[in-house]
Amino acid sequence: MTRTPATSSQPTTYELLQRHGVSRRSFLEFCASAAAVMGLDYSEVERVVQALETKPRIPVLWLHGLECTCCSESFLRSSHPIAQDLILNMISLDYDETLQAAAGDQAEQIRRDMIANHPGEYVVAVEGNVPTKDGGVYCTIAGETFQHILEETAEHARFVIAWGSCATNGCVQAAKPNPTGAVPIHKIIKNKPIVKVPGCPPIAEVMTGVLTHVLTFDRLPELDRIGRPKAFYGQRLHDKCYRRSFFDAGQFVEHWDDEGAKKGWCLYKMGCRGPTTYNSCSTVMWNGGVSWPIGSGHGCIGCSEENFWDNGPFYSRTADVPVPGINSTPEKIGMVAAAAAAAGAAAHLGTLMIKRARGSKAAEGDGSAASAGDEGGQA
Amino acid sequence: MTEISSGAPQSRQPGAADVGQPLFERVYVWELPVRIFHWVNAASIVVLFATGLYIAFPYLGPSGEPYDQFVMGYVRLVHFATAFVFTVNFLARIYWFFAGNRFARSGIPWIILPSWWRSLFRDIKEYALHRYQHPHLGHGALSGLTYTLIAIGLGWAQIFTGFGLYGETNPGGFWDTWFGWVLPLLGGSMQTHTWHHLFAWGFVAFIIVHVYIVLLDDTIYRNGLVSSIVSGIKLRRVRRIRARKGRLEVEGEPVREHHRSVGSRNAADVHVSEDDEAAS
Ligand code: SF4
Ligand code: SF4
């Protein structure tokens with residue numbers, strides 16, 4: 001994907017940072033940490049620096065659909081001291097319902113102008129998903145349905161970023177029974193590249209990492225099979241979890257206050273979703289690397305995974321299977337099926353024996369009771 | 001070599017008591033590869049289920065330092081290693097489907113043939129009403145359908161979900177590349193685990209029914225079904241002994257349709273002498 005400078009009159013990220021009084025040293029620090037988060041070689045830090053120094057910022061239209069704004073909250077809490085400033089400056093947020101100064105008609109006009117004046121240049125970042133039921137009335141902005149806004153805005157976008165689990169896989173709004181018919185954005189936008197950044201919310205460094213990558217290399221980061229950046233979603237938490245040695249040893253927390261819990265054993269039996277969850281929590285961690293859920297003694301709930309609300313309960317490793325009317329794990333269903341098979345076999349044998357008993361009574365008179373084998377014909 | 005066994009022990013000449021008793025022909029049905037497949041399959045399913053249960057519900061809790069222990073690690077190792085045995089065995093059986101004798105292919109559901117449907121309904125009726133009249137040398141329509149849908153279907157399902165999950169341990173590696181697509185298809189890793197568990201229990205239900213039906217058929221038809229999966233030989237009734245004009249005779253013509261049978265193929269091999277005097 002190539003990109004022509006969209007708004008070359010615009011200042012670069014570094015210029016803006018300078019205006020905000022950010023020192024050269026802090027700037028370089030950020031570039032280095034951003035490069036590290038992206039998984040780049042140290043020698044490539046130079047490219048990040050250069051990109052932020054020379055390239056005009058990426059114009060971003062940040063749309064909010066059906067969501068809770070936790071992605072924005074996470075994004076704004078990016079860990080590096082100057083990150084907040086930098087992030088907001090790294091991309092030019094031309095439209096963001098939560099952060100923009102403009103309101104009402106003005107705000108909507110900015111969005112329309114961007115679509116009209118810079119087609120193919122801006123990026124659409126979507127937070128939240130799209131309710132489709134009843135004509136999409138469950139999320140309307142400025143009198144228009146979100147579905148319409150999204151389709152209209154994404155039409156001329158360079159690419160689309162799906163922030164968070166809502167936009168990526170539906171999250172809580174799309175959990176059963178999904179009353180508003182909420183769908184993740186890839187169900188609506190079919191003709192644009194979509195970068196999926198799942199998580200509820202995604203880790204701030206992951207979000208900045210994705211943007212820095214785009215800015216530095218002028219192309220989307222390498223994506224996995226379902227469109228997530230490999231650098232951040234390539235592995236399960238479990239594969240980098242510091243409690244993994246306890247898992248392999250077979251040492252598990254059984255109760256929240258037991259000896260194992262105190263010793264920091266593996267949380268697998270407490271329902272930890274680390275073995276089925278692709279995210280960067282066990283490496284990048286949260287709140288600037290302060291800690292992360294498993295580090296704080298609680299299992300992962302799999303917030304970046306598809307259907308994670310429906311894969312509950314969170315405190316059991318085996319998910320409920322939606323059998324109508326009852327909550328069952330695969331094991332309960334399996335045992336019932338096995339018991340049914342055994343009962344079926346027993347019932348079959350029972351009826352056979354009853355039939356035999358009757359038959360032999362009837363046949364006693366003529367003394368020519370046929371044995372079972374004799375009843376058999378040819379193959 | 002005794003090719004024919006009757007209801008009477010082989011060590012004596014048949015007498016009047018044998019009149020009306022069936023004569024059995026020994027037919028080599030399950031070739032060695034089929035028998036090996038069966039038992040390797042059975043053993044690996046047992047191992048896979050047991051280790052799978054531990055992986056889902058680890059109950060051993062070793063104490064001490066984790067560097068001294070590798071319980072879950074070993075159990076997973078056994079599970080994965082057995083999974084490869086299961087798969088290779090499964091594929092070998094597919095090869096033998098083509099390479100083996102006709103019994104290796106028996107039971108394919110020919111759903112386009114009306115005659116297959118007739119056999120199926122006949123089999124269902126026989127089992128439902130306890131009117132057992134058609135023992136099969138290979139697999140009948142009903143058993144063939146069951147094996148195809150349940151045993152083979154579950155086998156494939158476990159192979160695909162299993163290797164999909166196995167690929168998670170090495171993203172971008174061989175197994176992830178070739179089987180990783182299964183996960184998004186089923187709605188993610190967790191859902192794939194759920195399906196893997198459900199399919200595993202499917203084997204348990206299958207085995208219960210399988211063992212019951214095998215014992216039932218063996219008892220009803222006396223066709224040596226149980227021992228056939230060790231020896232390969234099934235018994236097939238060809239004729240009866242009957243008394244005629246004071247002599248014992250073998251009734252009916254021998255059946256010759258099965259190749260590779262080790263049983264007698266013509267009346268000359270029958271060890272029951274038709275000239276024997278009836279005891280009466
Ligand atoms: S705590 Fe969770 S992620 Fe960590 S090793 Fe245990 S199961 Fe895996
Ligand atoms: S540990 Fe799990 S639930 Fe928690 S933020 Fe990370 S992926 Fe989400």
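With viscosity set to 1.567 mPa s and temperature to 4 °C, compute the Stokes-Einstein D of region A:13-233, Rh being the Kirkwood radius across alpha carbon pairs; µm²/s, no decimals. Can you show the working numbers first?
Numbers: Rh = 17.6 Å.
The diffusion coefficient I find is 73 µm²/s.
Short-range pairs are left out: with C-alpha atoms under 8 Å and at least six residues apart, the relative contact order of chain A is 14 percent.
Residues A:Y278, B:Y74 in ascending order of nearby Cβ atoms (within 10 Å, fewest first): B:Y74, A:Y278. In order along region A:334-339, the phi-based Karplus estimate (6.51 cos²θ - 1.76 cosθ + 1.60, θ = phi - 60°) of 3J(HN,Hα) comes to x, 5, 5, 4, 5, 5 Hz; Gly and Pro are listed as x.
Nearest 0.05, what FRET efficiency do A:R25 and B:A50 give at R0 = 56 Å with Cβ-Cβ as r? It comes out at approximately 0.40.
How big is the Kirkwood radius of region B:53-127, worked out from every pair of different alpha carbons and given in Å to one decimal?
Working: mean 1/r = 0.0589 Å⁻¹.
About 17.0 Å, per the Kirkwood formula over Cα pairs.
Cross-link pairs exceeding 31 Å between alpha carbons, from the set A:K190/A:K230; A:K230/A:K332; A:K176/A:K269; A:K187/A:K230; A:K192/A:K269; A:K332/B:K234: A:K230/A:K332; A:K192/A:K269; A:K332/B:K234.
Ranked for footprinting exposure by Cβ neighbours inside 10 Å, fewest first, A:I161, B:I229 give B:I229, A:I161. Normalised by residue number, the volume inside the convex hull of the Cα atoms of region B:81-188 is 146 Å³ per residue. Residues within the reach of a label modelled at A:V290 (point 7 angstrom out along Cα to beta-carbon, backbone nitrogen below 16 Å), restricted to region A:37-77, are A:73-77. The alpha-carbon positions of region B:33-228 define a convex hull whose volume is 160 Å³ per residue.
Simple spin-label estimate for A:A107 and B:R105 gives 7.1 nm between the two label positions (7 Å along the Cα-to-Cβ direction from each Cα).
Can you list, largest first and rounded to whole Å, the semi-axes you get for chain A by taking the square root of 5 times each eigenvalue of its Cα gyration tensor? Provide the component values of the computation, followed by the final result.
Details: eigenvalues 636, 146, 63 Å².
Working through the eigenvalues yields semi-axes of 56, 27, 18 Å.
At a Förster distance of 51 Å, what's the computed FRET efficiency of B:F80 paired with B:A243, Cβ-Cβ distance as r, to 0.05? Please report the intermediate quantities before stating the final value.
On the way: r = 64 Å, r/R0 = 1.25.
Once the sixth-power term is evaluated, E becomes 0.20.
Using a Gaussian network for chain A with springs between C-alpha atoms less than 10 Å apart, which of these wobbles most: A:V60, A:V290, A:V210? The residue with the greatest mean-square fluctuation here is A:V290.
Stretching A:Y242 away from A:D258 to a fully extended chain increases their span by 3.8 nm, per 0.36 nm per residue minus the current alpha-carbon distance.
Comparing A:G120, A:G271, A:G350 in a Gaussian network model of chain A where C-alpha atoms under 10 Å apart are linked, the largest mean-square fluctuation is found at A:G350.
Counting other beta carbons within 10 Å of each residue's own, what order do A:K190, B:K125 fall into, fewest first? Spell out each step's value before the answer.
Details: A:K190 8, B:K125 12.
Ascending number of Cβ neighbours within 10 Å: A:K190, B:K125.
Each value in this text was obtained by applying a stated rule to the coordinates, not by laboratory testing. It should be emphasised that the depicted structure is a prediction, and the values quoted were computed from it without experimental measurement. Methodologically, a virtual Cβ is constructed for each residue, glycine included, from the backbone with ideal geometry; neighbour enumeration extends over all protein chains shown.
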